[in-house]
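Quick note: the coordinates plus some simple rules give every number you see, no bench work behind them. In this text the structure is predicted, and so the values were computed from the model without any measurement. In this analysis, Cβ positions are derived from the backbone assuming ideal geometry, glycine residues included, and neighbour counts consider all displayed protein chains.
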Amino acid sequence: MALFAEFCGRYAGKVYRQKSWRAPRAHAEGEEEFLFFARVLLFEEIVDRYNVAMAGDSRLPPIVRHINRTHHRDESRHLAFGRRRVAELFERHAPGWSPEELARVREELAAFLDASWREYYNPEAYADAGVSDAYGFRQRLLADEARRRHHAAFSAVSVAYLRQHGILAAEGAQ
């Protein structure tokens, strides 16, 4: 992350601020550790999908494709570890959580995934690119059905893994 921030600072002149925020609260036994690793896994899964897509995109310069291919290769180890760690932590701690605590964990993960995707639509970046109604442009993008399908497709492997391990409720279940 530090190298990417350095790149952005050097070549773009800044790093855009992250907009998400979580209020501190009490956690059930093991919940905070589990949520940390689950959030990291979701974030890294999204980034890895983009690495794979960009590595195979012939419209990009070869160096960009090479960097993304290399990052994907390196990231695959982190993802394998993360998946295993998340499942292990869930299996260890979830049996001790109340139904309300489990529901809260599931809601937080779903909200985190949504917030992670929304970070890709930054009105400050649109304004810097010359878009006159940057916030309205962002709102139109967020409402676009093609964007929703894209996010669902890029998140499908992660969501399926979490459902397979009982971490997220099965599709259609409450």
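Computed from Cα atoms, the angle from the helix 99-118 axis to the main principal axis of the chain rounds to 0 degrees.
Using the Cα centre as the reference, give the magnitude of the dipole from point charges on the C-beta atoms of the chain (Lys, Arg: +1; Asp, Glu: -1; all else neutral), rounded to the nearest 20 debye. List each step's numbers first, then the result.
Values: 26 positive and 25 negative charges, 113 e Å.
For the chain, the charge dipole is close to 540 debye.
Compute the longest continuous run of the chain that contains no exposed chymotrypsin sites (Phe, Trp or Tyr not before Pro); treat a site as exposed when its DSSP state is not H, G, I, E or B and it has at most 14 other Cβ atoms within 10 Å. Between the exposed loop sites, the longest stretch runs 22-119.
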